1. Can you tell me the orientation of helix 141-153 relative to the chain, as the angle in degrees between its alpha-carbon axis and the longest Cα principal axis, to the nearest 10?
2. Reachable lysines from residue 73, Cα under 22 Å, same-chain residues fewer than 8 places away excluded?
3. Sorted from fewest to most neighbouring beta carbons within 10 Å, what does the list 19, 54, 83 look like?
4. Name the residue farthest towards the positive end of the dipole of the chain from the options 31, 109, 148, assuming +1 on Cβ of Lys and Arg, -1 on Cβ of Asp and Glu, about the Cα centre.
5. May I ask you to order 156-163, 127-134 by the average number of other C-beta atoms within 10 Å around their residues, highest value first?
6. So what is the relative contact order of the chain, in percent, for Cα pairs below 8 Å that sit 6 or more residues apart?
7. If the chain between residue 105 and residue 168 were fully stretched, how many nm would it gain, using 0.36 nm times the residue separation less the Cα-Cα distance?
8. Roughly how many debye, to the nearest 20, is the charge dipole of the stretch 84-157 about its Cα centre, given +1 on each Lys and Arg Cβ, -1 on each Asp and Glu Cβ, and no other charges?
Amino acid sequence: MSKNNYTLIPINEALGADVEDDVVAINRSAAVVKGGRRFSFSALTVVGNRNGLVGIGYGKGREVPMAIEKAVKDARKRIMRVVREGTTIPHAVDGSFCSSTVRLIPAAPGTGIIAGKAVRKVLERAGITDILTKVYGSTNALNVVKATMVALDMLRSREDTVKLRGVELE
């Protein structure tokens, strides 16, 4: 486990893939100084290859493009592999971060991504196309995205579960 509560993969393995980035949220904050207000911006981005790799990043800067650039760079450092089963996830899972909780539920093919804006962008970049989701508690974009990443990291394939339990499937 890393300090972000989810498992990261080595950057050289992830950069071999063709990753795309997407901005989830941009926030503006102001510091009141002698001459007026000084604005700064923060950006939350998601990167992924739509085939099982996804990462999130957060960056701050005096200009919006600078904040987005820093966030994408940060996201490329935090890429993780997502366990998928076809176009959905292997089992239902809940992930929490601060006061946000995200529930991910597998869905039948053709269902689509039933999710809010922040969760949808993470799942699209991860390559999951059929899933049901629900967010409980705070809907702050940063906390929701981090809770989604925690939930995706909790996913286990059938093979992993068999190894952990030490049993054989028929």
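1. So the inclination is approximately 20 degrees.
2. List returned: 3, 60, 117, 121, 146.
3. Going from sparsest to densest Cβ surroundings: 83, 19, 54.
4. Projecting each Cα onto the dipole axis, the largest value belongs to 31.
5. The most tightly packed comes first, giving 127-134, 156-163.
6. Relative contact order comes out at 21 percent.
7. Taking 0.36 nm per residue and subtracting the Cα distance, the gain is 20.1 nm.
8. Here the stretch 84-157 has a charge dipole of around 180 debye.
Any read-out appearing in this document is the output of simple, stated calculations on the displayed coordinates, not a laboratory observation. If you're wondering where the values come from, they're calculated on a predicted model, not measured in any experiment. All Cβ positions, even for glycine, are placed from backbone atoms using ideal geometry, and neighbour counts span all protein chains on display.
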